[in-house]
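Peer 1: Input: one structure, supplied below.
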Amino acid sequence: MNGPLPGIHVPVMPTEMLDTLRVRDGGVYLDGTFGGGGYARRILESANCTLWAIDRDPEAIARGAELAARFPGRLHLLHGRFGDMMTLLAEVGVDALDGIVLDLGVSSFQLDDAKRGFSFRADGPLDMRMGFHGPTAADLVNTLDERALADILFEFGDERASRRIAKAIVAARAEAPIDTTSRLADIIRAVLPPDRSGIHPATRSFQALRIKVNDELGEIERALDQAARLLAPEGRLVVIAFHSLEDRIVKRFMSEASGRTAAPSRHDPRGLMARDAARFRLLTPKALRPGSDEVHVNPRARSARLRATERLVTERPAIERVAIERVAIERVAIERQAADRAERTDA
(Lines give C-alpha, C1' and ligand atoms only; values in the text may rest on other atoms or scores of the structure.)
Protein backbone atom coordinates (compact mmCIF):
# COMPACT_ATOMS: atom_id res chain seq x y z
CA MET A 1 0.00 0.00 0.00
CA ASN A 2 1.36 3.44 -0.97
CA GLY A 3 1.54 6.40 1.35
CA PRO A 4 2.78 6.95 4.90
CA LEU A 5 1.24 4.99 7.73
CA PRO A 6 -1.28 6.88 9.89
CA GLY A 7 0.49 8.93 12.55
CA ILE A 8 3.81 8.83 10.67
CA HIS A 9 4.95 12.24 9.44
CA VAL A 10 6.76 12.20 6.10
CA PRO A 11 8.05 15.67 5.16
CA VAL A 12 7.53 16.71 1.55
CA MET A 13 10.52 17.47 -0.72
CA PRO A 14 13.08 17.36 2.14
CA THR A 15 16.11 17.27 -0.18
CA GLU A 16 14.89 20.24 -2.22
CA MET A 17 14.12 22.13 0.98
CA LEU A 18 17.63 21.61 2.36
CA ASP A 19 19.34 22.42 -0.92
CA THR A 20 17.38 25.66 -1.25
CA LEU A 21 17.59 26.74 2.40
CA ARG A 22 21.39 26.26 2.31
CA VAL A 23 21.90 25.51 6.01
CA ARG A 24 25.39 26.28 7.37
CA ASP A 25 27.28 25.81 10.62
CA GLY A 26 26.67 28.62 13.09
CA GLY A 27 23.50 29.79 11.36
CA VAL A 28 20.21 30.63 13.08
CA TYR A 29 17.06 29.31 11.42
CA LEU A 30 13.31 29.15 11.90
CA ASP A 31 10.93 26.31 11.13
CA GLY A 32 7.67 28.24 11.29
CA THR A 33 5.49 25.14 10.97
CA PHE A 34 7.12 22.50 13.20
CA GLY A 35 4.34 19.89 12.88
CA GLY A 36 5.91 16.45 13.10
CA GLY A 37 9.45 17.83 13.17
CA GLY A 38 10.47 16.31 9.84
CA TYR A 39 12.10 19.45 8.47
CA ALA A 40 13.51 20.39 11.87
CA ARG A 41 15.35 17.08 12.22
CA ARG A 42 16.88 17.34 8.77
CA ILE A 43 17.99 20.93 9.31
CA LEU A 44 19.65 20.08 12.63
CA GLU A 45 21.34 17.00 11.16
CA SER A 46 22.70 18.90 8.17
CA ALA A 47 24.74 21.52 10.08
CA ASN A 48 25.80 22.62 13.56
CA CYS A 49 23.17 25.37 13.67
CA THR A 50 20.48 26.75 15.97
CA LEU A 51 16.85 26.20 15.09
CA TRP A 52 13.77 27.92 16.48
CA ALA A 53 10.50 26.14 15.75
CA ILE A 54 6.94 27.48 16.00
CA ASP A 55 3.64 25.63 16.07
CA ARG A 56 0.19 26.72 17.19
CA ASP A 57 -0.74 23.12 18.04
CA PRO A 58 0.24 22.30 21.66
CA GLU A 59 0.34 18.61 20.74
CA ALA A 60 3.06 19.33 18.17
CA ILE A 61 5.10 21.23 20.76
CA ALA A 62 4.74 18.33 23.19
CA ARG A 63 5.90 15.85 20.55
CA GLY A 64 8.90 18.06 19.82
CA ALA A 65 10.34 17.63 23.33
CA GLU A 66 11.96 14.33 22.33
CA LEU A 67 13.65 15.91 19.31
CA ALA A 68 14.81 18.86 21.40
CA ALA A 69 16.44 16.42 23.82
CA ARG A 70 18.37 14.88 20.91
CA PHE A 71 19.77 18.31 20.02
CA PRO A 72 20.34 20.00 23.41
CA GLY A 73 20.76 23.74 23.18
CA ARG A 74 20.10 23.78 19.45
CA LEU A 75 16.34 23.23 19.03
CA HIS A 76 14.03 25.72 20.75
CA LEU A 77 10.25 25.25 20.57
CA LEU A 78 7.81 28.16 20.64
CA HIS A 79 4.06 27.74 21.01
CA GLY A 80 2.14 30.19 18.84
CA ARG A 81 1.19 31.18 15.31
CA PHE A 82 3.84 31.61 12.63
CA GLY A 83 2.05 34.81 11.66
CA ASP A 84 3.28 36.18 15.02
CA MET A 85 6.90 35.11 14.48
CA MET A 86 8.39 38.57 15.09
CA THR A 87 6.74 38.87 18.48
CA LEU A 88 7.54 35.29 19.49
CA LEU A 89 11.19 35.65 18.50
CA ALA A 90 11.57 39.12 20.01
CA GLU A 91 10.47 37.70 23.36
CA VAL A 92 13.49 35.36 23.28
CA GLY A 93 15.93 37.97 21.96
CA VAL A 94 16.09 36.91 18.30
CA ASP A 95 15.88 39.69 15.71
CA ALA A 96 17.60 38.20 12.66
CA LEU A 97 17.61 34.83 10.93
CA ASP A 98 19.72 33.12 8.28
CA GLY A 99 16.81 31.13 6.92
CA ILE A 100 13.10 30.43 7.35
CA VAL A 101 11.06 27.47 6.14
CA LEU A 102 7.26 27.34 6.08
CA ASP A 103 5.40 24.12 5.26
CA LEU A 104 1.85 25.36 4.80
CA GLY A 105 -1.42 23.60 5.46
CA VAL A 106 -2.43 20.85 7.84
CA SER A 107 0.05 18.27 9.17
CA SER A 108 -0.20 14.51 8.74
CA PHE A 109 -0.64 14.13 12.50
CA GLN A 110 -3.68 16.40 12.43
CA LEU A 111 -5.18 14.75 9.34
CA ASP A 112 -4.80 11.25 10.74
CA ASP A 113 -6.15 12.03 14.21
CA ALA A 114 -9.94 11.59 13.98
CA LYS A 115 -10.60 13.57 17.14
CA ARG A 116 -9.13 16.71 15.52
CA GLY A 117 -11.89 16.68 12.91
CA PHE A 118 -9.87 17.59 9.81
CA SER A 119 -10.76 14.57 7.69
CA PHE A 120 -13.91 12.78 6.58
CA ARG A 121 -12.05 9.46 6.26
CA ALA A 122 -12.69 8.70 9.93
CA ASP A 123 -15.60 9.92 12.02
CA GLY A 124 -14.83 12.51 14.65
CA PRO A 125 -15.97 15.82 16.10
CA LEU A 126 -16.27 18.58 13.50
CA ASP A 127 -13.47 20.71 14.94
CA MET A 128 -10.65 21.55 12.43
CA ARG A 129 -8.80 23.96 14.72
CA MET A 130 -5.02 23.78 14.48
CA GLY A 131 -4.91 25.13 18.01
CA PHE A 132 -7.59 24.72 20.64
CA HIS A 133 -9.03 28.24 20.68
CA GLY A 134 -11.72 29.98 18.68
CA PRO A 135 -14.77 28.80 16.73
CA THR A 136 -14.81 25.26 15.36
CA ALA A 137 -16.02 24.10 11.95
CA ALA A 138 -19.18 22.89 13.69
CA ASP A 139 -19.78 26.43 14.97
CA LEU A 140 -19.62 27.74 11.40
CA VAL A 141 -21.89 25.17 9.75
CA ASN A 142 -24.48 25.42 12.53
CA THR A 143 -24.66 29.22 12.87
CA LEU A 144 -23.79 30.97 9.60
CA ASP A 145 -26.56 31.80 7.18
CA GLU A 146 -26.82 30.06 3.82
CA ARG A 147 -25.19 32.85 1.84
CA ALA A 148 -22.21 33.17 4.20
CA LEU A 149 -21.64 29.42 4.07
CA ALA A 150 -21.79 29.41 0.27
CA ASP A 151 -19.30 32.29 0.10
CA ILE A 152 -16.81 30.40 2.31
CA LEU A 153 -17.07 27.21 0.25
CA PHE A 154 -16.60 29.10 -3.01
CA GLU A 155 -13.83 31.49 -1.88
CA PHE A 156 -11.67 29.04 0.05
CA GLY A 157 -12.56 25.76 -1.64
CA ASP A 158 -13.27 26.82 -5.21
CA GLU A 159 -16.44 24.78 -4.84
CA ARG A 160 -18.70 25.47 -7.83
CA ALA A 161 -21.65 23.79 -6.12
CA SER A 162 -21.26 26.00 -3.04
CA ARG A 163 -24.85 27.26 -3.04
CA ARG A 164 -26.30 23.77 -3.39
CA ILE A 165 -24.12 22.48 -0.53
CA ALA A 166 -24.92 25.45 1.71
CA LYS A 167 -28.64 24.94 1.15
CA ALA A 168 -28.32 21.25 2.08
CA ILE A 169 -26.35 22.12 5.24
CA VAL A 170 -28.97 24.62 6.41
CA ALA A 171 -31.77 22.12 5.78
CA ALA A 172 -29.94 19.31 7.62
CA ARG A 173 -29.09 21.38 10.68
CA ALA A 174 -32.75 22.31 11.07
CA GLU A 175 -33.32 18.64 11.90
CA ALA A 176 -30.29 18.23 14.19
CA PRO A 177 -26.96 20.02 14.74
CA ILE A 178 -24.11 18.93 12.45
CA ASP A 179 -21.34 18.02 14.88
CA THR A 180 -19.36 15.18 13.26
CA THR A 181 -17.17 14.90 10.17
CA SER A 182 -19.06 11.90 8.82
CA ARG A 183 -22.43 13.64 8.99
CA LEU A 184 -21.17 16.68 7.13
CA ALA A 185 -19.50 14.47 4.52
CA ASP A 186 -22.74 12.51 4.05
CA ILE A 187 -24.76 15.71 3.59
CA ILE A 188 -22.37 16.91 0.88
CA ARG A 189 -22.15 13.53 -0.83
CA ALA A 190 -25.96 13.38 -1.02
CA VAL A 191 -26.14 16.51 -3.20
CA LEU A 192 -22.98 16.11 -5.29
CA PRO A 193 -22.32 13.42 -7.89
CA PRO A 194 -19.05 11.46 -7.60
CA ASP A 195 -16.06 13.28 -9.10
CA ARG A 196 -14.54 11.63 -12.17
CA SER A 197 -11.09 12.13 -10.69
CA GLY A 198 -12.02 10.01 -7.69
CA ILE A 199 -11.78 12.92 -5.27
CA HIS A 200 -14.35 12.71 -2.48
CA PRO A 201 -17.20 15.21 -3.03
CA ALA A 202 -16.54 16.76 0.40
CA THR A 203 -12.85 17.47 -0.20
CA ARG A 204 -13.18 21.09 -1.32
CA SER A 205 -15.75 21.94 1.36
CA PHE A 206 -13.59 20.52 4.14
CA GLN A 207 -10.62 22.50 2.83
CA ALA A 208 -12.66 25.70 2.75
CA LEU A 209 -13.94 25.30 6.30
CA ARG A 210 -10.45 24.48 7.60
CA ILE A 211 -8.94 27.56 5.95
CA LYS A 212 -11.69 29.77 7.38
CA VAL A 213 -11.53 28.31 10.89
CA ASN A 214 -7.76 28.86 11.09
CA ASP A 215 -7.52 32.08 9.04
CA GLU A 216 -4.83 30.30 7.05
CA LEU A 217 -4.52 32.81 4.21
CA GLY A 218 -4.30 35.79 6.55
CA GLU A 219 -1.71 33.89 8.57
CA ILE A 220 0.40 33.33 5.45
CA GLU A 221 0.31 37.00 4.48
CA ARG A 222 1.36 38.10 7.97
CA ALA A 223 4.12 35.50 8.10
CA LEU A 224 5.62 36.46 4.73
CA ASP A 225 5.72 40.13 5.67
CA GLN A 226 7.47 39.39 8.96
CA ALA A 227 9.84 36.85 7.42
CA ALA A 228 11.07 39.51 4.99
CA ARG A 229 11.94 41.77 7.91
CA LEU A 230 13.63 39.06 9.95
CA LEU A 231 15.98 37.67 7.30
CA ALA A 232 19.60 38.77 7.47
CA PRO A 233 21.48 39.59 4.23
CA GLU A 234 21.76 36.40 2.15
CA GLY A 235 19.10 34.81 4.38
CA ARG A 236 16.67 32.56 2.57
CA LEU A 237 12.93 32.01 2.76
CA VAL A 238 11.60 28.64 1.59
CA VAL A 239 7.85 28.03 1.39
CA ILE A 240 6.02 24.84 0.46
CA ALA A 241 2.38 25.31 -0.55
CA PHE A 242 -0.21 22.66 -1.33
CA HIS A 243 -3.05 24.42 -3.13
CA SER A 244 -3.46 27.35 -5.47
CA LEU A 245 -4.80 29.79 -2.85
CA GLU A 246 -1.63 29.42 -0.77
CA ASP A 247 0.72 29.31 -3.73
CA ARG A 248 -0.79 32.41 -5.33
CA ILE A 249 -0.05 34.47 -2.21
CA VAL A 250 3.51 33.15 -1.97
CA LYS A 251 4.23 33.64 -5.67
CA ARG A 252 2.93 37.22 -5.66
CA PHE A 253 4.88 38.12 -2.53
CA MET A 254 8.19 36.73 -3.82
CA SER A 255 7.72 38.30 -7.25
CA GLU A 256 7.06 41.73 -5.76
CA ALA A 257 9.93 41.46 -3.27
CA SER A 258 12.34 40.63 -6.10
CA GLY A 259 11.11 43.48 -8.31
CA ARG A 260 9.50 41.18 -10.88
CA THR A 261 6.08 42.77 -10.76
CA ALA A 262 5.21 43.85 -14.29
CA ALA A 263 4.50 47.52 -14.90
CA PRO A 264 1.30 48.39 -16.81
CA SER A 265 3.40 49.57 -19.78
CA ARG A 266 7.02 49.46 -20.93
CA HIS A 267 6.87 53.27 -20.77
CA ASP A 268 5.80 53.23 -17.11
CA PRO A 269 8.75 54.18 -14.85
CA ARG A 270 7.37 51.98 -12.09
CA GLY A 271 8.90 48.98 -13.86
CA LEU A 272 12.45 50.32 -13.45
CA MET A 273 11.70 51.63 -9.97
CA ALA A 274 10.37 48.22 -8.84
CA ARG A 275 13.53 46.46 -10.01
CA ASP A 276 15.65 49.05 -8.23
CA ALA A 277 13.69 48.69 -4.98
CA ALA A 278 14.07 44.92 -4.97
CA ARG A 279 15.17 43.57 -1.60
CA PHE A 280 15.30 39.90 -2.62
CA ARG A 281 16.58 37.60 -5.34
CA LEU A 282 14.09 35.02 -6.58
CA LEU A 283 15.66 31.56 -6.39
CA THR A 284 12.79 29.69 -8.06
CA PRO A 285 11.48 31.44 -11.20
CA LYS A 286 9.27 28.35 -11.51
CA ALA A 287 8.05 26.43 -8.47
CA LEU A 288 9.85 23.18 -7.72
CA ARG A 289 7.65 20.07 -7.75
CA PRO A 290 8.15 16.63 -6.15
CA GLY A 291 9.49 13.84 -8.34
CA SER A 292 7.41 10.86 -9.40
CA ASP A 293 9.25 8.55 -7.00
CA GLU A 294 8.35 10.72 -4.02
CA VAL A 295 4.71 11.00 -5.09
CA HIS A 296 4.55 7.20 -5.45
CA VAL A 297 5.79 6.74 -1.89
CA ASN A 298 3.89 9.70 -0.42
CA PRO A 299 0.79 10.63 -2.49
CA ARG A 300 0.16 13.65 -0.24
CA ALA A 301 3.20 15.27 -1.90
CA ARG A 302 1.60 15.39 -5.35
CA SER A 303 0.27 18.95 -5.09
CA ALA A 304 3.31 20.47 -3.33
CA ARG A 305 5.04 23.53 -4.78
CA LEU A 306 8.29 24.89 -3.35
CA ARG A 307 9.27 28.53 -3.86
CA ALA A 308 12.27 30.34 -2.41
CA THR A 309 13.85 33.78 -2.28
CA GLU A 310 17.06 35.27 -0.85
CA ARG A 311 17.58 38.64 0.81
CA LEU A 312 20.07 40.80 -1.05
CA VAL A 313 23.29 41.80 0.67
CA THR A 314 22.85 45.51 -0.03
CA GLU A 315 20.10 47.82 -1.14
CA ARG A 316 20.65 51.04 -3.08
CA PRO A 317 20.94 54.20 -0.94
CA ALA A 318 17.85 56.38 -0.92
CA ILE A 319 19.55 59.20 -2.85
CA GLU A 320 20.48 56.75 -5.62
CA ARG A 321 16.94 55.42 -5.77
CA VAL A 322 15.61 58.97 -6.17
CA ALA A 323 18.08 59.62 -9.00
CA ILE A 324 17.03 56.46 -10.84
CA GLU A 325 13.37 57.36 -10.42
CA ARG A 326 14.06 60.84 -11.89
CA VAL A 327 15.87 59.30 -14.88
CA ALA A 328 12.99 56.91 -15.48
CA ILE A 329 10.43 59.72 -15.45
CA GLU A 330 12.56 61.90 -17.74
CA ARG A 331 12.95 58.99 -20.16
CA VAL A 332 9.19 58.60 -20.40
CA ALA A 333 8.78 62.35 -21.01
CA ILE A 334 11.35 62.30 -23.84
CA GLU A 335 9.64 59.31 -25.48
CA ARG A 336 6.27 61.06 -25.30
CA GLN A 337 7.70 64.26 -26.84
CA ALA A 338 9.20 62.20 -29.68
CA ALA A 339 5.87 60.50 -30.27
CA ASP A 340 4.07 63.87 -30.36
CA ARG A 341 6.57 65.23 -32.95
CA ALA A 342 6.10 62.13 -35.09
CA GLU A 343 2.32 62.56 -35.02
CA ARG A 344 2.60 66.24 -36.07
CA THR A 345 4.97 65.29 -38.92
CA ASP A 346 2.57 62.66 -40.19
CA ALA A 347 -0.26 65.16 -40.08
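Peer 1: So which residues in the range 199-226 are β-branched (Val, Ile, Thr) and under 16 Å from residue 140 (Cβ atoms), if there are any at all?
Peer 2: Within the range 199-226, 211, 213 qualify.
Peer 1: Inside the range 297-312, can you point out the residues that are assigned to a loop (DSSP other than H, G, I, E, B), surrounded by fewer than 23 Cβ atoms within 10 Å (Cβ to Cβ) and not hydroxyl-bearing (Ser, Thr, Tyr)?
Peer 2: If the condition is that a residue be assigned to a loop (DSSP other than H, G, I, E, B), surrounded by fewer than 23 Cβ atoms within 10 Å (Cβ to Cβ) and not hydroxyl-bearing (Ser, Thr, Tyr), then 298, 302, 312 are the ones that fit.
Peer 1: Of all residues in the range 56-69, which are within 15 Å of residue 85 (Cα to Cα) and open to solvent by 20 Å² or more (accessible area, probe 1.4 Å)?
Peer 2: The answer is 56, and nothing else.
Peer 1: Looking only at the range 49-64, which residues are aliphatic (A, V, I, L, M) and either under 19 Å from residue 130 (Cβ atoms) or touching a Ser or Thr at 6+ places or on another chain (Cβ under 8 Å) (or both)?
Peer 2: 53, 54, 60, 61, 62
Peer 1: If you go through the range 237-257, how many residues are touching a residue at least 40 places away in the same chain (Cβ under 8 Å) and open to solvent by less than 20 Å² (accessible area, probe 1.4 Å)?
Peer 2: Qualifying residue count for the region: 10.
Peer 1: Within the range 277-296, how many residues turn out to be open to solvent by less than 60 Å² (accessible area, probe 1.4 Å) and either touching a strand residue (DSSP E or B) at 6+ places or on another chain (Cβ under 9 Å) or in contact (Cβ under 8 Å) with a residue 24 or more places away in the chain (or both)?
Peer 2: Residues in the range 277-296 being open to solvent by less than 60 Å² (accessible area, probe 1.4 Å) and either touching a strand residue (DSSP E or B) at 6+ places or on another chain (Cβ under 9 Å) or in contact (Cβ under 8 Å) with a residue 24 or more places away in the chain (or both): 9 in total.
Peer 1: Would you be able to tell me the number of residues in the range 90-104 that are in contact with a Lys or Arg (Cβ under 9 Å, 6 or more places away or on another chain), open to solvent by less than 30 Å² (accessible area, probe 1.4 Å) and not β-branched (Val, Ile, Thr)?
Peer 2: Qualifying residue count, the range 90-104: 1.
Peer 1: Would you confirm whether any residue within the range 207-222 is over 23 Å from residue 80 (Cα atoms), outside any strand (DSSP E or B) and open to solvent by less than 40 Å² (accessible area, probe 1.4 Å)?
Peer 2: No, the conditions are met nowhere in the range 207-222.
Conditions tested, residue by residue: (1) of a type outside the set (Gly, Ala, Ser); (2) in contact (Cβ under 8 Å) with a residue 12 or more places away in the chain.
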position	(1), (2)
196	yes, no
209	yes, yes
223	no, yes
235	no, yes
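Peer 1: Identify the residue in the range 180-206 that is small (Gly, Ala, Ser) and in a helix (DSSP H, G or I) and, among all such residues, is farthest from the chain's Cα centre (by Cα).
Peer 2: The selected residue is 190.
Peer 1: Another one. Residues that are within 19 Å of residue 215 (Cα to Cα) and open to solvent by 20 Å² or more (accessible area, probe 1.4 Å), at least 2 per element: which helices (runs of 4 or more DSSP H) completely within the range 112-179 meet that?
Peer 2: 137-143, 146-157
Peer 1: More than 25 Å from residue 202 (Cβ to Cβ) and touching a residue at least 40 places away in the same chain (Cβ under 8 Å) - does that describe any residue in the range 102-118?
Peer 2: Scanning the range 102-118, I find at least one residue that is more than 25 Å from residue 202 (Cβ to Cβ) and touching a residue at least 40 places away in the same chain (Cβ under 8 Å), so the answer is yes.
Peer 1: Scan the range 181-199 residue by residue and report those that are over 17 Å from residue 144 (Cα atoms), open to solvent by less than 70 Å² (accessible area, probe 1.4 Å) and not acidic (Asp, Glu).
Peer 2: Once the filter is applied, which keeps residues that are over 17 Å from residue 144 (Cα atoms), open to solvent by less than 70 Å² (accessible area, probe 1.4 Å) and not acidic (Asp, Glu), the range 181-199 yields 181, 182, 183, 185, 191, 192, 198.
Yes or no, residue by residue, for (1) surrounded by 16 or more Cβ atoms within 10 Å (Cβ to Cβ); (2) farther than 22 Å from residue 216 by Cβ; (3) polar (S, T, N, Q):
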site: 17; (1), (2), (3): yes, no, no
site: 33; (1), (2), (3): yes, no, yes
site: 39; (1), (2), (3): yes, no, no
site: 44; (1), (2), (3): yes, yes, no
site: 51; (1), (2), (3): yes, yes, no
site: 71; (1), (2), (3): yes, yes, no
site: 77; (1), (2), (3): yes, no, no
site: 86; (1), (2), (3): yes, no, no
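The values are calculated or read from the model by the stated rules, or taken from the named source; none is laboratory data. Since this is a predicted model, take the numbers as computed values, not measurements. Virtual Cβ from ideal backbone geometry, glycine too; neighbours counted across all protein chains shown. Calculation scope for accessible area: heavy atoms of the full protein, side chains included, ligands and nucleic acids excluded. Shrake-Rupley method; radii C 1.70, N 1.55, O 1.52, S 1.80 Å.
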